[in-house]
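**Student:** Please read through the structure below; I'll follow up with questions.
No lab work stands behind these numbers, since they all come straight from the coordinates. Keep in mind that what you see is a predicted model, and the values were worked out from it rather than measured. Reconstructed Cβ throughout: ideal geometry from the backbone, glycine too, with neighbour counts over all protein chains shown.
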Amino acid sequence: MSTLRPRGLQADIRVKFKKIFIYLAIACCNGTGDVLLKRGMDNLGEIHLNHWTHIFNAFVDPWIVLGILFLAGFFYAYLTALSWADLTYVLPATAFGYVVTAFLSRFFLHEAVSPWRWAGVLLITCGVGLVARGPSLTERRTTEHRTKDAVLADKEQHELA
Amino acid sequence: MNSLKLWVAIGMLVLASSAGDVMLSAAMKRIGDLDDIRIRKGLLAVIGHVVREKLFLLGLACLIFSFFCLLTALSWGDASLVAPASASLTYICSAILAKFFLHENVDRRRWLSAALVCVGVLLLVK
């Protein structure tokens, strides 16, 4: 028994870290991906409708490939988070992408960011911080899951008996 | 007339992307914890599970439709109006849909957060 308890605790901590990591991945990958795409498209130059096939050159640009990888990572993290958290918990994290975009635009692409934009960034950060501190899953659901698990455990015990 | 057309497009875009998100969320809840599946059966199994879930494909179709609505709306109006207006309305609309269709417990904290994010996104264009 004494070995079981710390293991359970360790698993709890692992799950907690996993959730924080996924939440951060959602927040950061989206904005970073967008900025990398923008950086790549700057290399590529403007696309003209008469030479639209020029757009396929985008797929060999390392910045764009990296940007697409980041966006794919974002989508994977988004789906994973949705598999164990409420939509209203995950959605604000996607908005945090705008905050990352603003910082990267300012310091990596050297674009001008107006004070209004920084105010928007502040509001989004507050919104995300507010919801992230709350519960990630509706309580009723958790109990439902637990009862399902409990039913399964009961069945297993019954079968064993 | 033109502005009515534009707002109809924005409305459809917002509805489609919120509905898509709600369906993705429902689909993922149905599949279960993706990390658990990945650890037990590997990444390919995760992709298999996700792609075979009809609700996921329907949600994806909604998101693709909303993307085309976005392109249409962008061709009718300024990007500085369309992009933030649709993004910020989507946060509110998703919260409403999540409350009624997913029966999520959207408490005061989450409404406030949705409102803050909504106003924040609107400010980004200034």
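**Student:** If you count, for every residue in B:93-101, the Cβ atoms of partner chains within 10 Å of its Cβ, what is the mean? Write out the running numbers ahead of the final one.
**Tutor:** Values: counts 0, 4, 4, 1, 2, 7, 2, 0, 1.
Partner Cβ neighbours, averaged per residue: 2.
**Student:** Contact order normalised by length for segment A:32-72, with contacts defined as Cα pairs under 8 Å and 6 or more residues apart; what percent is it? Mind dumping the intermediate values first?
**Tutor:** Numbers: 34 pairs, mean separation 25.6, N = 41.
Value for segment A:32-72: 62 percent.
**Student:** Mean residue ellipticity at 222 nm from the helices of chain B, using -39,500 (n - 2.57) per DSSP H segment of n ≥ 4 over the full residue count, to the nearest 500 deg cm²/dmol?
**Tutor:** On the way: 6 runs with 110 residues, N = 126.
Here the helix-only value at 222 nm equals -29500 deg cm²/dmol.
**Student:** Among B:23, B:49, B:111, whose Cα sits farthest toward the positive end of the charge dipole of segment B:2-123 (+1 at Cβ of Lys/Arg, -1 at Cβ of Asp/Glu, about the Cα centre)?
**Tutor:** Result: B:49.
**Student:** Taking the Cβ of residue A:88 as the centre, find all other residues whose Cβ is under 9 Å away and add up their charges (Lys, Arg: +1; Asp, Glu: -1).
**Tutor:** Values: positive: B:99, B:110; negative: A:86, B:104.
So the surrounding residues net to 0.
**Student:** For segment A:87-97, what does the Karplus curve 6.51 cos²θ - 1.76 cosθ + 1.60, with θ = phi - 60°, yield as ³J(HN,Hα) per residue in whole Hz, taken in order and with x for Gly and Pro?
**Tutor:** Once rounded to whole Hz, the list reads 4, 6, 8, 7, 4, x, 5, 5, 5, 4, x.
**Student:** Using the Kirkwood radius over Cα pairs, work out the Stokes-Einstein diffusion coefficient for segment B:21-123 at 20 °C and 1.002 mPa s, in µm²/s as a whole number.
**Tutor:** Answer from the Stokes-Einstein relation: 137 µm²/s.
**Student:** Tell me the net charge near residue B:44. Cut-off is 13 Å between Cβ atoms, residue B:44 excluded, with +1 for each Lys or Arg and -1 for each Asp or Glu. Please list the in-between numbers first.
**Tutor:** Values: positive: B:38, B:40, B:41, B:52; negative: none.
So the surrounding residues net to +4.
**Student:** Quick one: of A:19/B:99; A:18/B:54; A:16/B:29, which pairs are farther than 21 Å apart, Cα to Cα?
**Tutor:** On the way: A:19/B:99 23 Å; A:18/B:54 27 Å; A:16/B:29 19 Å.
From A:19/B:99; A:18/B:54; A:16/B:29, over 21 Å: A:19/B:99; A:18/B:54.
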